[in-house]
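Heads up, the thing below is written out as structure tokens.
What follows draws every value from the coordinates through simple rules; no lab data is involved. Predicted, not measured: the structure shown is a model, and the values here were computed from it. Glycine also receives a Cβ, built like all others from the backbone with ideal geometry; neighbour counts cover every protein chain displayed.
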Amino acid sequence: MKKLILIFFIAVPAVFTSCSKNEPVNPEDSRYVYVCTSNSAKTYHTDRNCSRLKNCGQEVLEVTRKKARENERIICSDCDKRDKKSDKDTAK
């Protein structure tokens, strides 16, 4: 019975702390990103000068990537493409 209780207390928190929107766990979760505080905003941005972020009519906050993902934000597609291109360029 003790083993069952122990398994329960280990497994349940793991389910509730999984990343939002099925994004993989990333060591860059402590990296700072930018979010628009508008109720309709659903993304986070890795570039403060992202053209999509400039459309924000509310305040822009700097938060950790982990915090943005905990609030069910997904990466902006423009920022994602830019980051992937940058990674390819540095790998050469």
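One table, with the values for the structure above:
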quantity: At R0 = 35 Å, FRET efficiency that the Cβ-Cβ distance of Ser30 and Ser51 yields, to 0.05; calculated: 0.85
quantity: Sorted by Cβ neighbour density within 10 Å, fewest at the top, the residues Thr37, Thr90; calculated: Thr90, Thr37
quantity: Candidates per GluC sites (Glu not before Pro) in region 43-79, loop by DSSP, up to 15 other Cβ within 10 Å; calculated: Glu59, Glu72
quantity: For a label point 7 Å along the Cα-to-beta-carbon line of Ile74, residues of region 29-61 with backbone N under 15 Å; calculated: 41-45
quantity: Per residue convex hull volume, Cα atoms of region 28-91, in Å³; calculated: 78
quantity: 13 Å Cα-Cα reach of Lys88 towards aspartates and glutamates, excluding residues that sit fewer than 8 places from it in its own chain; calculated: Asp80
quantity: Leu53, Leu61 arranged by Cβ crowding within 10 Å, fewest neighbours leading; calculated: Leu61, Leu53
quantity: Sequence of Val33, Val60 once ranked by neighbouring C-beta atoms within 10 Å, starting from the fewest; calculated: Val60, Val33
